[in-house]
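In what follows, a structure is listed as structure tokens, so that the remarks can point back to it.
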Number of protein chains: 2
Amino acid sequence: MSTKTIQEIRAFNRFYTDLIGLLNKHLLNSDYSLSEVRIMYEIHTAGEAQASQIMAAMDIDKSYLSRILKKLEKDQLIARKASEQDGRAVVLSLTKAGEDLFQELTRATEQQIGGLVNHLNTKQQEELVAHMQAIRKILQGNL
Amino acid sequence: MSTKTIQEIRAFNRFYTDLIGLLNKHLLNSDYSLSEVRIMYEIHTAGEAQASQIMAAMDIDKSYLSRILKKLEKDQLIARKASEQDGRAVVLSLTKAGEDLFQELTRATEQQIGGLVNHLNTKQQEELVAHMQAIRKILQGNL
DNA sequence: TAAATTTAGTGGACTTTGTCCACTAAATTG
DNA sequence: CAATTTAGTGGACAAAGTCCACTAAATTTA
């Protein structure tokens with residue numbers, strides 16, 4: 001592969017790192033960090049999840065995760081119950097309050113993204129999405 | 001804009017966040033953090049830079065930046081000299097050792113990216129780059 | 001042109017985020 | 001059933017980042 005190719009990819013990476021950084025800033029006003037929200041996302045998406053699954057999905061330290069889960073439970077955003085299949089494992093789910101908060105954070109994120117693209121016309125938006133899908137398809141083996 | 005559009009963008013953001021996280025992992029073995037390397041990048045690219053420029057480019061806290069610059073100077077990777085135009089400002093540049101280290105880190109990063117795309121054929125690589133350029137072009141007003 | 005404000009950078013003190021290790025207990029493997 | 005692996009917790013610490021107060025130079029403004 002050419003140097004040019006790699007340089008272009010790196011330029012995109014810098015660009016997108018900055019963009020993601022910008023988007024994630026709105027979490028600074030919330031009481032929850034990016035990791036915490038991502039954990040809620042994982043639980044929300046799975047419906048029920050074990051810590052070990054989240055660990056794998058996020059590639060996060062289990063000790064760190066354990067602490068975050070403790071905080072989320074203290075805040076009554078998640079519930080834990082013993083797994084029936086595995087005595088070591090704990091099954092996590094979002095409480096009503098957790099779902100509510102998650103929805104609210106989701107709305108805020110969606111508004112942010114709206115702000116990013118609302119000056120684009122429909123065709124440009126469709127193209128943007130198509131490029132994103134294409135990139136995911138090309139690179140997805142790497143994750 | 002449609003919900004679908006926003007969902008797709010969010011899916012891409014999650015995907016690319018993970019990918020960037022993966023790529024940045026190689027820095028864990030180095031003695032320098034992502035921020036430190038990015039600062040070196042900014043100085044390298046500019047040739048000479050003031051702290052305030054880096055601050056603006058990276059959107060980083062000035063106090064934090066000041067500390068990092070101190071470390072880089074201690075490690076003899078950057079040199080500071082008083083600005084001639086502005087008595088408050090300091091002009092930063094990479095030393096030979098700084099350039100050398102930066103080149104080495106660059107090579108490592110490029111190899112990482114190579115690993116990401118080297119299983120793709122030339123056409124796919126070109127398409128990937130084209131998609132990235134297109135996204136940058138569409139979104140660049142936001143940065 | 002002198003006072004008021006802004007800008008560049010530093011450093012103290014602190015919080016948040018993340019890592020490493022040792023540990024318990026249950027599950028799995030041999 | 002002994003040895004190993006896996007799930008999760010918690011202590012102790014390190015790294016990353018923030019907030020505030022400060023000095024000194026530059027710029028604005030009255």
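The values are calculated or read from the model by the stated rules, or taken from the named source; none is laboratory data. These figures come from a predicted structure and were not determined experimentally. Neighbour counts are summed over all protein chains in view; Cβ atoms, including those assigned to glycine, are modelled from backbone coordinates with ideal geometry.
Computed values, structure above
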{"item": "Among (1) within 14 Å of chain A (Cβ to nearest Cβ); (2) without any contact (Cβ under 8 Å) to a residue 12 or more places away in the chain; (3) of a type in the set (S, T, N, Q), the one test that B:Gln85 misses", "result": "(1)"}
{"item": "In segment B:56-69, the residues that are within 14 Å of chain A (Cβ to nearest Cβ) and more than 9 Å from DNA strand D (Cβ to nearest atom)", "result": "B:Ala56, B:Ala57, B:Met58"}
{"item": "Looking only at segment A:38-63, and only at residues there that are touching a residue at least 24 places away in the same chain (Cβ under 8 Å) and exposed (fewer than 14 other Cβ atoms within 10 Å of the Cβ), the one that is farthest from A:Asp86 (Cα to Cα)", "result": "A:Gly47"}
{"item": "Options A:Leu22, A:Leu92, A:Leu34, A:Leu72; residue that is within 12 Å of chain B (Cβ to nearest Cβ) and within 12 Å of DNA strand D (Cβ to nearest atom)", "result": "A:Leu34"}
{"item": "Any hit, segment A:113-124, residues being surrounded by 12 or more Cβ atoms within 10 Å (Cβ to Cβ), within 23 Å of B:Gly21 (Cα to Cα) and not aromatic (Phe, Trp, Tyr)", "result": "yes"}
{"item": "Residue in segment A:95-112 that is farthest from DNA strand D (Cβ to nearest atom), counting only those that are polar (S, T, N, Q) and loosely packed, with under 15 Cβ neighbours inside 10 Å", "result": "A:Gln103"}
{"item": "Verdict on B:Thr5 being surrounded by 15 or more Cβ atoms within 10 Å (Cβ to Cβ), in a helix (DSSP H, G or I), polar (S, T, N, Q) and within 14 Å of chain A (Cβ to nearest Cβ)", "result": "yes"}
{"item": "Check on B:Ala56, touching a helix residue (DSSP H, G or I) at 6+ places or on another chain (Cβ under 8 Å) and small (Gly, Ala, Ser)", "result": "no"}
{"item": "Per-region count, segment B:8-55, residues outside any helix (DSSP H, G or I) and among the hydrophobic types (A, V, I, L, M, F, W, C)", "result": "1"}
{"item": "Residue in segment A:104-115 that is out of contact with any Gly (no Cβ under 7 Å at 6 or more places or on another chain) and within 11 Å of DNA strand C (Cβ to nearest atom) present", "result": "no"}
{"item": "Residue list for segment A:56-104, restricted to those being under 16 Å from A:Arg38 (Cβ atoms), in contact with a Ser or Thr (Cβ under 9 Å, 6 or more places away or on another chain) and outside any helix (DSSP H, G or I)", "result": "A:Ile60, A:Leu77, A:Ile78"}
{"item": "Condition met for A:Thr106 (at pLDDT below 95 and polar (S, T, N, Q))", "result": "no"}
{"item": "Matching option when the condition is among the polar types (S, T, N, Q) and more than 10 Å from DNA strand C (Cβ to nearest atom), among A:Ser35, A:Ser52, A:Ser83, A:Ser63", "result": "A:Ser52"}
